[in-house]
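Input: a single structure, listed below in structure tokens.
The values are calculated or read from the model by the stated rules, or taken from the named source; none is laboratory data. Not measured: the values here are computed from a predicted model. Heads up, the Cβs are rebuilt from the backbone with ideal geometry, glycines too, and the neighbour counts pull from every protein chain shown. Calculation scope for accessible area: heavy atoms of the full protein, side chains included, ligands and nucleic acids excluded. Shrake-Rupley method; radii C 1.70, N 1.55, O 1.52, S 1.80 Å.
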Amino acid sequence: DGGGNNELQYYTDFAENSFIENGSLVIQALKKVYQGKSFTSARMRTLNKGDWLYGRFDIRAKLPYGQGLWPAIWLLPTDWEYGGWPMSGEIDIMELLGQEPNKVYGTIHYGAAWPNNQHSGGSYSMPSGTFAEDYHLFTCEWDSTGMRWFVDGVKYHTELHGQPFDKRFHMILNVAVGGNWPGNPTPSTPFPQRMSVDYVRVYRKAN
């Protein structure tokens, strides 16, 4: 399922696409023809297992790289009380385009149905190195006033927002391949590619 983005992967529950290694959750994209797609990968979601209204979301992860890779850590509405996408909102904690391995994005999607949907957000670029070389901490703080995004504790963007971001959301972690935004891999894009997740922690503000 490419989610309407013309992605090239098929999400599987195969052990080669998602597994635990050295204490990290690994989501691995492979160059493998399956079900008419050219790549396999995995998408993990917490729907009806972890659903939150507000909190601080800390995810420590090491990201894939290369043209056409598109790892994401994001939140979708659990109940869709304001209508279909994007009317009930979407919160992207972290997205990266593999051809820019030193830059991550934090974004919200909202507004009327496509093509009148809206989005706003910001980005953070590492002063040196890439997000594929080591683990980094991606944080989103979300409360009734809006959201704040951080990398390794450095705040890089703030959004002020109420509705539709006043209902519970769940988390998705995935590695997409290709699609409208990153573009498709080239023959020189190295595979397999991994997003390794050391931990996911969600904190609630004490009353």
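Does any residue in segment 149-173 that is within 26 Å of Ala29 (Cα to Cα) come within less than 7 Å, Cβ to Cβ, of a residue that is open to solvent by 40 Å² or more (accessible area, probe 1.4 Å) and assigned to a loop (DSSP other than H, G, I, E, B) six or more places away or on a different chain, and which pairs are these?
So the pair list comes out as His170/Leu47.
Quick one: how many residues across segment 146-167 are part of a strand (DSSP E or B), in contact with a Gly (Cβ under 7 Å, 6 or more places away or on another chain) and either within 25 Å of His136 (Cβ to Cβ) or open to solvent by less than 60 Å² (accessible area, probe 1.4 Å) (or both)? It would help to see each step written out before you state the result.
Initial filter on segment 146-167 (part of a strand (DSSP E or B)): 146-151, 154-160, 162, 164.
Those still in the list that are in contact with a Gly (Cβ under 7 Å, 6 or more places away or on another chain) too: 149, 156-160, 164.
Among the residues that remain, those that are also either within 25 Å of His136 (Cβ to Cβ) or open to solvent by less than 60 Å² (accessible area, probe 1.4 Å) (or both) are: 149, 156-159, 164.
Residues flagged as part of a strand (DSSP E or B), in contact with a Gly (Cβ under 7 Å, 6 or more places away or on another chain) and either within 25 Å of His136 (Cβ to Cβ) or open to solvent by less than 60 Å² (accessible area, probe 1.4 Å) (or both) within segment 146-167 amount to 6.
Is there a residue in segment 168-191 that is in a strand (DSSP E or B) and open to solvent by 30 Å² or more (accessible area, probe 1.4 Å)?
No, segment 168-191 contains no residue that is in a strand (DSSP E or B) and open to solvent by 30 Å² or more (accessible area, probe 1.4 Å).
Does segment 1-46 hold any residues that are open to solvent by less than 30 Å² (accessible area, probe 1.4 Å), of a type in the set (S, T, N, Q) and closer than 21 Å to Thr186 by Cα, and which are they?
Gln9, Asn17, Gln28, Thr40, Ser41 - these are the residues of segment 1-46 that are open to solvent by less than 30 Å² (accessible area, probe 1.4 Å), of a type in the set (S, T, N, Q) and closer than 21 Å to Thr186 by Cα.
If I filter segment 1-56 down to residues being acidic (Asp, Glu) and in a loop (DSSP other than H, G, I, E, B), which single residue comes out as farthest from Ser144 (Cα to Cα)?
Within segment 1-56, the first condition is being acidic (Asp, Glu), and the residues that meet it are 1, 7, 13, 16, 21, 51.
Subsequent filtering for residues that are in a loop (DSSP other than H, G, I, E, B) retains 1, 13, 16.
Working: Asp1: 32, Asp13: 36, Glu16: 40 Å.
Only one residue tops the list, namely Glu16.
Aromatic (Phe, Trp, Tyr) and surrounded by fewer than 19 Cβ atoms within 10 Å (Cβ to Cβ), is that true of Trp74? Full working, then the answer.
On the way: aromatic (Phe, Trp, Tyr): yes; surrounded by fewer than 19 Cβ atoms within 10 Å (Cβ to Cβ): no.
When the stated conditions are applied, Trp74 does not pass them.
Any residue at all in segment 117-125 that's under 14 Å from Leu96 (Cα atoms), surrounded by fewer than 14 Cβ atoms within 10 Å (Cβ to Cβ) and of a type outside the set (Lys, Arg)? Let's see the steps before the verdict.
If we filter segment 117-125 for residues that are under 14 Å from Leu96 (Cα atoms), which is where we start, we get 121-125.
Next cut, surrounded by fewer than 14 Cβ atoms within 10 Å (Cβ to Cβ) only: 125.
Now drop any that are not of a type outside the set (Lys, Arg), which leaves 125.
There is at least one residue in segment 117-125 that is under 14 Å from Leu96 (Cα atoms), surrounded by fewer than 14 Cβ atoms within 10 Å (Cβ to Cβ) and of a type outside the set (Lys, Arg).
State the number of residues belonging to segment 86-111 that are in contact with a Gly (Cβ under 9 Å, 6 or more places away or on another chain) and either assigned to a strand (DSSP E or B) or open to solvent by 50 Å² or more (accessible area, probe 1.4 Å) (or both). Let's see the steps before the verdict.
Taking segment 86-111 first, the residues in contact with a Gly (Cβ under 9 Å, 6 or more places away or on another chain) are 86-87, 91-95, 97-99, 101-102, 105-110.
Still in the running and either assigned to a strand (DSSP E or B) or open to solvent by 50 Å² or more (accessible area, probe 1.4 Å) (or both): 87, 91-95, 99, 102, 105-110.
Of the residues in segment 86-111, 14 are in contact with a Gly (Cβ under 9 Å, 6 or more places away or on another chain) and either assigned to a strand (DSSP E or B) or open to solvent by 50 Å² or more (accessible area, probe 1.4 Å) (or both).
Quick check, is Tyr135 farther than 25 Å from Phe19 by Cα, aromatic (Phe, Trp, Tyr) and open to solvent by 30 Å² or more (accessible area, probe 1.4 Å)?
Working: farther than 25 Å from Phe19 by Cα: no; aromatic (Phe, Trp, Tyr): yes; open to solvent by 30 Å² or more (accessible area, probe 1.4 Å): yes.
Criteria not met by Tyr135.
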